[in-house]
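Working notes for the structure below.
The values are calculated or read from the model by the stated rules, or taken from the named source; none is laboratory data. In this text, all values refer to a predicted model and were calculated from it rather than measured experimentally. Every residue, glycine among them, receives a Cβ derived from its backbone with ideal geometry; neighbour counts consider all protein chains shown. Heavy atoms of the whole protein, side chains included, go into the accessibility calculation; ligands, DNA and RNA do not. Shrake-Rupley method; radii C 1.70, N 1.55, O 1.52, S 1.80 Å.
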Amino acid sequence: MQHILEKFSLEGKKAIVVGGAGDLGKAMVEAVAQAGAQTVVIDLDNRIFQICEEFNNNGLNVSPIKTDVSKLSEIKDSYNTALEILGGTVDILINSAGIQRRYPSEDFPEEEWNKVISINLDATFYYCKYAGNTMIENGGGKIINIASLMSFLGGITIPAYAASKGGVGQLTKALSNDWAAKGICVNAIAPGYMDTQLNTALINDKKRTEEVFNRVPMKRWGTGEDLKGLTVFLSSSASDYVTGTVIPVDGGYLGR
Ligand SMILES: NC(=O)c1ccc[n+]([C@@H]2O[C@H](COP(=O)([O-])OP(=O)(O)OC[C@H]3O[C@@H](n4cnc5c(N)ncnc54)[C@H](O)[C@@H]3O)[C@@H](O)[C@H]2O)c1
């Protein structure tokens, strides 16, 4: 029987991380690459080039593809390019690209609504669809979508974000139902309140920070480092009977 730690290894695996230049995405790239996966990083931000160079200098195998995932044609092109780089196969897909927009619901601008839904939800579906086809052909794979506490809660002044992340949670379950018997595990990670650029407005607001800390039993913001263990677990054969779940990494927030 295989040693338990060998089950967590991603040696020889091929991964795509969408949104991998972000604060949380970068940590997840590092986690799967350190565990052994050859990894393609897709993001709109030029930081991907520097991030990949830094990781490659540290002995990892990481390639950047600059892409605007709000455009369907770019999603398709980037997926095909990623597959070429990875030698025609993908074992792990992580969808972490996301944006936040805050307005009172009654004033929420249409173009901002569309942008949030297209990046957070539509792009997640299309990368799942493309990778799902490859994984079905190859006998299986692991998909991790990045949900949010706002997959469970409504938040304040973030109707588009909450709707998109609620959608990511439901999409994860729907795809799991369709693909579990085809060897694909589809799960989501729901980060809690994390110390990242996405939350700069919240972190700078002392009153909201105090409200958040009053609800977080661990009394601290989470970080990308906090996502690494679950990311490797859900990417590896250690989680082969886990699918259709949305797992919070939230310092205990949802349990309150
Ligand atoms: N930070 C948090 O507290 C928190 C909490 C729960 C969920 N999340 C989710 O985690 C994921 C990662 O968040 P993060 O904190 O790392 O945020 P981040 O802003 O640091 O990273 C998001 C990444 O998505 C990329 N991106 C945005 N629009 C894009 C586009 N059109 N095309 C390609 N890439 C695009 C950005 O360039 C960025 O690198 C997001 O889906 C976010 O909603 C974050």
Checked the stretch 125-164 for anything assigned to a helix (DSSP H, G or I), open to solvent by less than 10 Å² (accessible area, probe 1.4 Å) and near the ligand (Cβ under 9 Å from one of its atoms); matches are LEU149, SER164
Answer yes if at least one residue in the stretch 87-99 is open to solvent by 70 Å² or more (accessible area, probe 1.4 Å), in contact with a Ser or Thr (Cβ under 6 Å, 6 or more places away or on another chain) and either not hydroxyl-bearing (Ser, Thr, Tyr) or not in a helix (DSSP H, G or I) (or both), and no otherwise. no
For the stretch 62-84, which residues satisfy the criterion of being surrounded by 17 or more Cβ atoms within 10 Å (Cβ to Cβ) and either in contact with a Phe, Trp or Tyr (Cβ under 7 Å, 6 or more places away or on another chain) or not in a strand (DSSP E or B) (or both)? VAL62, PRO64, THR67, VAL69, SER70, GLU74, ILE75, SER78, TYR79, ALA82, LEU83
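Tell me the residue from ARG220, ARG208 that is more than 10 Å from the ligand (Cβ to nearest atom), at negative phi and in a loop (DSSP other than H, G, I, E, B), please. Let's see the steps before the verdict.
Values: ARG208 fails: in a loop (DSSP other than H, G, I, E, B).
After applying the criteria, what remains is ARG220.
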Looking at PHE108, PHE55, can you tell me which residue is more than 18 Å from LEU234 (Cβ to Cβ) and either more than 16 Å from the ligand (Cβ to nearest atom) or without any contact (Cβ under 8 Å) to a residue 12 or more places away in the chain (or both)? PHE108
Tally of residues being surrounded by fewer than 23 Cβ atoms within 10 Å (Cβ to Cβ), assigned to a loop (DSSP other than H, G, I, E, B) and within 15 Å of the ligand (Cβ to nearest atom) across the stretch 1-50: 3
